[in-house]
1. Regarding segment 203-212, can at least one residue be identified that is within 20 Å of Glu35 (Cα to Cα) and either among the hydrophobic types (A, V, I, L, M, F, W, C) or modelled with pLDDT of 95 or more (or both)?
2. How many residues are surrounded by 14 or more Cβ atoms within 10 Å (Cβ to Cβ) and part of a loop (DSSP other than H, G, I, E, B) when one looks only at segment 60-106?
3. If we scan segment 194-201, do we find a residue that is farther than 23 Å from Val258 by Cβ, within 15 Å of the chain's Cα centre (by Cα) and modelled with pLDDT under 95?
4. Would you please name the residue that is nearest to Met57 (Cα to Cα), looking only at residues in segment 200-225 that are part of a helix (DSSP H, G or I) and charged (D, E, K, R)?
5. Scan Asn104, Asn83 and give me the residue that is within 22 Å of Leu210 (Cα to Cα) and at pLDDT below 90.
6. Could you check, for segment 255-270, whether at least one of its residues is in a loop (DSSP other than H, G, I, E, B) and either buried (at least 18 other Cβ atoms within 10 Å of the Cβ) or more than 13 Å from the chain's Cα centre (by Cα) (or both)?
7. If you go through segment 58-84, how many residues are under 18 Å from Met226 (Cα atoms) and free of Cβ contacts under 8 Å to residues at least 60 places away in the same chain?
8. Considering only segment 123-164, how many residues are buried (at least 22 other Cβ atoms within 10 Å of the Cβ) and either in contact with a strand residue (DSSP E or B) (Cβ under 7 Å, 6 or more places away or on another chain) or assigned to a loop (DSSP other than H, G, I, E, B) (or both)?
Amino acid sequence: MNQTARHAEEQKEEASVQNAAALAPKLIYEVIRREGEEEMARPKRSLIWSGIAAGVMISLSVLGEAIFRTYLPDAPSSYLIENLGYSLGFLAVIMGRMQLFTENTITTVLPVMVERTWYTFGCMLRLWGIVMTANVIGAFAVAALFVFTPAIPAEIMVSVVDLSHHATGMGAEASFWRAIPAGIIVALIVWMLPQADSAKFFLILVFTWLIAAGDFTHIVAGSVEMAVLVWMGDITAATAIGGFFIPVLTGNIIGGTVIFTLMAWGQVRDELPDK
């Protein structure tokens with residue numbers, strides 16, 4: 001092999017190594033930060049409809065888990081299989097690039113950590129408010145479909161109601177603390193996605209299964225369950241908001257932003273260029 005051919009082969013091998021190597025933390029940070037900037041720059045109407053779609057489609061988590069619960073045999077292992085159904089809504093929403101509030105607790109916070117201006121902070125709060133409101137609208141809309149129409153078979157609806165009572169019946173304190181790990185896990189999923197490539201499906205499947213199997217609380221999926229009970233009259237609006245919605249929302253934000261995002265920023269802050 002002559003010198004030119006050997007050099008070309010070495011370059012080819014180096015390119016293969018670089019392609020196979022994991023992204024450095026600062027590169028992952030940059031990918032997510034740019035994504036956050038793009039999200040904050042999107043038109044309000046786009047955010048609203050994307051958020052409503054996410055609120056509707058996350059109901060697949062409740063529906064999938066209810067179907068497994070209805071038809072699996074009564075055995076100790078059924079609980080672990082049943083919770084695979086919880087991943088369905090997250091797969092649809094995340095891979096469908098819809099606006100899910102808990103993803104925004106990391107994607108839109110990273111630009112704020114870099115810019116640290118009131119304008120950027122205001123843009124983040126604007127997006128949070130729009131997406132959270134849209135998610136809840138979607139959740140209540142699909143819950144109304146569940147409750148007021150025969151769209152869901154009666155035997156499956158029994159399991160939906162049972163799951164809803166469990167998710168919203170923990171009490172405010174337990175709901176808050178169980179929301180923190182869920183916020184961390186969703187932020188972790190977002191952090192790992194840039195280098196997941198073809199494994200994205202299994203990444204989302206496994207880690208959202210962990211949310212359900214660990215009996216953690218998620219504000220958007222839980223809003224579908226909350227809405228089912230509100231429409232049925234099983235809980236009042238005051239109980240839904242004070243006993244579930246606010247504690248879980250706060251816990252998810254603390255887990256996704258205060259804990260995970262600040263840790264992620266801390267490990268790369270000295271490697272980032274000064275703004």
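1. Step one: list which residues in segment 203-212 are within 20 Å of Glu35 (Cα to Cα), which gives 203-204.
Imposing the further condition that a residue be either among the hydrophobic types (A, V, I, L, M, F, W, C) or modelled with pLDDT of 95 or more (or both) reduces the set to 203-204.
Yes - at least one qualifying residue is present in segment 203-212.
2. Residues meeting the conditions: 4.
3. Taking segment 194-201 as the starting set, the residues that turn out to be farther than 23 Å from Val258 by Cβ are 195-201.
Subsequent filtering for residues that are within 15 Å of the chain's Cα centre (by Cα) retains 200-201.
So of that shortlist, the ones also modelled with pLDDT under 95 come out as 200-201.
The answer is yes; a qualifying residue exists.
4. Of segment 200-225, the ones part of a helix (DSSP H, G or I) are 200-213, 219-225.
Add one more test, that the residue is charged (D, E, K, R), and what stays is 200, 225.
Working: Lys200: 18, Glu225: 13 Å.
Here the residue is Glu225.
5. Values: Asn83 fails: at pLDDT below 90.
One residue alone meets the criteria, Asn104.
6. Step one: list which residues in segment 255-270 are in a loop (DSSP other than H, G, I, E, B), which gives none.
No - not one qualifying residue is present in segment 255-270.
7. Here is the first cut: in segment 58-84, the ones under 18 Å from Met226 (Cα atoms) are 58-66.
In the following step, the residues that additionally are free of Cβ contacts under 8 Å to residues at least 60 places away in the same chain were identified as 60, 64.
So the count comes out to 2.
8. Residues flagged as buried (at least 22 other Cβ atoms within 10 Å of the Cβ) and either in contact with a strand residue (DSSP E or B) (Cβ under 7 Å, 6 or more places away or on another chain) or assigned to a loop (DSSP other than H, G, I, E, B) (or both) within segment 123-164 amount to 0.
The values are calculated or read from the model by the stated rules, or taken from the named source; none is laboratory data. Everything quoted here is computed from the prediction, not taken from an experiment. Positions of Cβ are generated from backbone atoms using ideal geometry, with glycine treated the same way; all protein chains shown enter the neighbour counts.
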